[in-house]
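Undergrad: Provided herewith is a single structure, encoded as structure tokens, for subsequent inquiry.
Throughout, read-outs are computed from the coordinates displayed, never taken from laboratory work. Values in this document were obtained by computation on a predicted structure and should not be read as measured data. Methodologically, a virtual Cβ is constructed for each residue, glycine included, from the backbone with ideal geometry; neighbour enumeration extends over all protein chains shown.
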Amino acid sequence: MKILKFNSFVVILFFVCISCQESYSQHRTLYDELKSLSGVYVKKIETLKGFNESYELAIVQPIDHKNLTGPKFTQKVFLSHAGFNKPIVFETHGYDVPWHKKRELSNLLNANQIIVEHRYFGHSKPKPLEWKHLTTWQAASDHHRIIELLKTIYNRKWVSTGKSKGGMAALFHKYYYPADVQASVVYVAPIIIGLKDNRIPEHINVLCGETTKERMMGFQINCLKNREAILKIASSANFSTKRLKYNETLFYQQAIELGFYGYNSEHLTPFLEKVTEINPSVFAPKSANELVFDAKLMPKILEFLQTKANNIIYLYGENDIWTAGKVNPKESINSIQIIAKGLGHKFKIKDLSKENMNIAENSLIKWLGINMPTDQYSRVD
């Protein structure tokens, strides 16, 4: 009889514990979940319009993802929460991210939003800087690790996105970690081939036409002939020591992997003085001793994107010089390219023709298995 009473007590205690655990889990907040992640520092910030909560995260990352026990740095990430049962838009930036704002794609999908600052930019700089660890694979591994961490909280469909260099980062992430996200939308993101990509000046010539090209070349020559007078009335801030220091991370990336745009500069040769060969190595940080360009990497990535990478929407502006480096997905894969007629480097999905807008939206609906909000453009910043 005593044994029976004891067993009954154990059963009751068991169900009480289960009930307590369920109650606890139901009352755990997003802040609690984020704080429980290893190596993640959390700060609540002003909530973006259209979301329920917003946070700034500092995520501890290895400087070298091949040496997980080695030196670390913290990477800045902004998270805005719309709901645990909603998709997640994961935006990679190519530069620093001073602050966050609501993005078009998050609004379009009524999704949670994560914005990631690129390694070696802004507040996401290791100390000291070891330039050899600033590669596309290391950056993609940063993004992969952030997704792995946050998938413990968000288990719905993930969509990566980015614009320009940020879009390139999203494509590199897709190349190295193709299973991380279910879809990608990249805006004006070229894949540059070679240390100097001559497709760009060729594309400029096509956009300009012969008459405009001749006028532009004449203007360049006149500027160099009258450099002293022009420098008194025109700013050269983009090439100041301060600005070159700010962009040194970009120049390093271009000099070893990303490549640079080519120039038609033969007509300028007689007038050049300080710099006669224009490439990113000229502007790369002096502390980076070995600048060896990997000429094989970008063609490999481009081949993968054009023949194997599914569920990607590539958006390019017809009048954008970077469209010279566009990705052309083969018909055999499940990705699409949209050229925005008459538009340049800055545009949104809502700026597309109705036909192209429907193509983009229907592709996302199909790939993600979701419904679009009926007022998806009403709150876009």
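Undergrad: Could you list the trypsin sites (Lys or Arg not before Pro) in the stretch 136-230 that lie in coil according to DSSP, counting only those with at most 15 other Cβ atoms within 10 Å of their Cβ? Don't jump to the answer; show the numbers that get you there.
TA: Values: sites: Arg145, Lys151, Arg156, Lys157, Lys163, Lys165, Lys174, Lys196, Arg199, Lys213, Arg215, Lys225, Arg227; in loops: Lys151, Arg156, Lys157.
Those satisfying the criteria are Lys151.
Undergrad: Go through the stretch 228-240 residue by residue and turn each phi into a ³J(HN,Hα) via Karplus (6.51, -1.76, 1.60, θ = phi - 60°); whole Hz please, and just put x for glycine and proline.
TA: 5, 5, 5, 5, 6, 10, 10, 7, 10, 4, 5, 10, 6
Undergrad: Using a simple charge model, +1 on the beta-carbon of Lys and Arg, -1 on the beta-carbon of Asp and Glu, nothing else, what dipole does the stretch 196-282 show about its Cα centre, in debye to the nearest 20?
TA: Working: 11 positive and 10 negative charges, 85 e Å.
Dipole about the Cα centre, nearest 20: 400 debye.
Undergrad: Run the numbers for Lys286 and Leu244: contour at 0.36 nm per residue of separation, minus the present Cα-Cα distance, in nm.
TA: Separation in residues times 0.36 nm, less the Cα-Cα distance, equals 14.0 nm.
Undergrad: Check every DSSP H run in the chain and write down those whose alpha carbon atoms cover 24 angstrom or more along the long axis and whose mean Kyte-Doolittle hydropathy is -1.0 or greater. Each step should come with its number before you reach the end.
TA: Working: long enough: 2-27 (38 Å, 0.78); 199-225 (27 Å, -0.29).
Span-like helices, by this rule, are 2-27, 199-225.
Undergrad: Quote the charge dipole size of the stretch 233-381 about the Cα centre in Debye, to the nearest 20; the model charges only the Cβ of Lys and Arg (+1) and of Asp and Glu (-1). Walk me through the numbers before you get to the answer.
TA: Details: 17 positive and 16 negative charges, 60 e Å.
That gives a dipole near 280 debye.
Undergrad: In Å and whole numbers, how far do the C-alpha atoms of the stretch 196-282 stretch along each principal axis, longest first?
TA: Rounded to whole Å, the extents work out to 36, 34, 21 Å.
Undergrad: Here is a further query. Within the stretch 284-370, list the trypsin sites (Lys or Arg not before Pro) lying in a DSSP loop whose Cβ has at most 11 other Cβ atoms in a 10 Å radius. Walk me through the intermediate numbers first.
TA: Details: sites: Lys286, Lys296, Lys300, Lys308, Lys326, Lys330, Lys341, Lys346, Lys348, Lys350, Lys354, Lys366; in loops: Lys286, Lys296, Lys308, Lys326, Lys330, Lys341, Lys346, Lys348.
Answer by residue number: Lys286, Lys296, Lys330, Lys341.
Undergrad: Now a separate question. Have a look at Asn310, Leu224, Val40 and report the one farthest towards the positive end of the charge dipole of the chain, computed about the Cα centre with Cβ charges (Lys/Arg +1, Asp/Glu -1).
TA: Positive-end residue among those listed: Val40.
Undergrad: Using the beta-carbon distance between Ala237 and Val60 and R0 = 45 Å, what value does 1/(1 + (r/R0)^6) give for FRET efficiency, to the nearest 0.05? Mind dumping the intermediate values first?
TA: On the way: r = 35 Å, r/R0 = 0.79.
Computed FRET efficiency for Ala237 and Val60 comes out at 0.80.
Undergrad: Restricting the count to DSSP beta bridges whose residues both fall in the chain, what percent are antiparallel, rounded to a multiple of 5?
TA: 45 percent
Undergrad: Can you count the Lys pairs in the stretch 86-154 whose Cα atoms are under 27 Å apart, with each pair 8 or more apart or on different chains?
TA: Count of close lysine pairs: 8.
Undergrad: Looking at Ile191, Ile153, Ile336, which one has the Cα that reaches farthest to the positive end of the dipole of the chain (charges on Cβ: Lys, Arg +1; Asp, Glu -1)?
TA: So the residue we want is Ile153.
Undergrad: For the stretch 348-364 and the stretch 212-245, what is the separation of their Cα centres, given in Å?
TA: Going from one Cα centre to the other spans 39 Å.
Undergrad: Mind jotting down the distance between the C-alpha centroids of the stretch 99-116 and the stretch 147-161, whole Å?
TA: Spelled out, the Cα-based centre of one part sits 13 Å from the other.
Undergrad: Next up: Whole-Hz Karplus ³J(HN,Hα) for the stretch 273-281, in order, using 6.51 cos²θ - 1.76 cosθ + 1.60 and θ = phi - 60°, x for Gly and Pro?
TA: With coefficients 6.51, -1.76 and 1.60, one gets 10, 6, 10, 9, 10, 9, 7, x, 4 Hz.
Undergrad: While we're here: Tell me, how many Å apart are the Cα centres for the stretch 126-145 and for the stretch 56-91?
TA: 13 Å
Undergrad: Okay, moving on. So, with +1 on the Cβ of K and R and -1 on the Cβ of D and E, and no other charges, what is the size of the charge dipole of the chain about its Cα centre, to the nearest 20 debye?
TA: Numbers: 49 positive and 36 negative charges, 164 e Å.
Dipole size: approximately 780 debye.
Undergrad: Largest first and to the nearest Å, give the Cα extent of the chain along each principal axis.
TA: 107, 50, 40
Undergrad: Normalising by the residue count of the chain, find the relative contact order in percent from Cα pairs under 8 Å and 6+ residues apart.
TA: Working: 637 pairs, mean separation 55.4, N = 381.
After rounding, I find 15 percent.
Undergrad: With a ≥ b ≥ c the root eigenvalues of the C-alpha gyration tensor of the stretch 288-357, is it rounded (a/c under 1.5), prolate (a/b larger than b/c) or oblate? Each step should come with its number before you reach the end.
TA: Numbers: a/c = 3.13, a/b = 1.50, b/c = 2.09.
Here the stretch 288-357 falls in the oblate category.
Undergrad: Right, something else. If Lys and Arg each add +1 and Asp and Glu each add -1, what is the summed charge of the other residues whose beta carbon sits under 15 Å from the beta carbon of Ile204? Present the calculation step by step, with values, prior to reporting the outcome.
TA: Details: positive: Lys196, Arg199, Lys213, Arg215, Lys326; negative: Asp197, Glu202, Glu210, Glu214, Glu266, Glu318, Asp320.
Residues near Ile204 contribute -2 overall.
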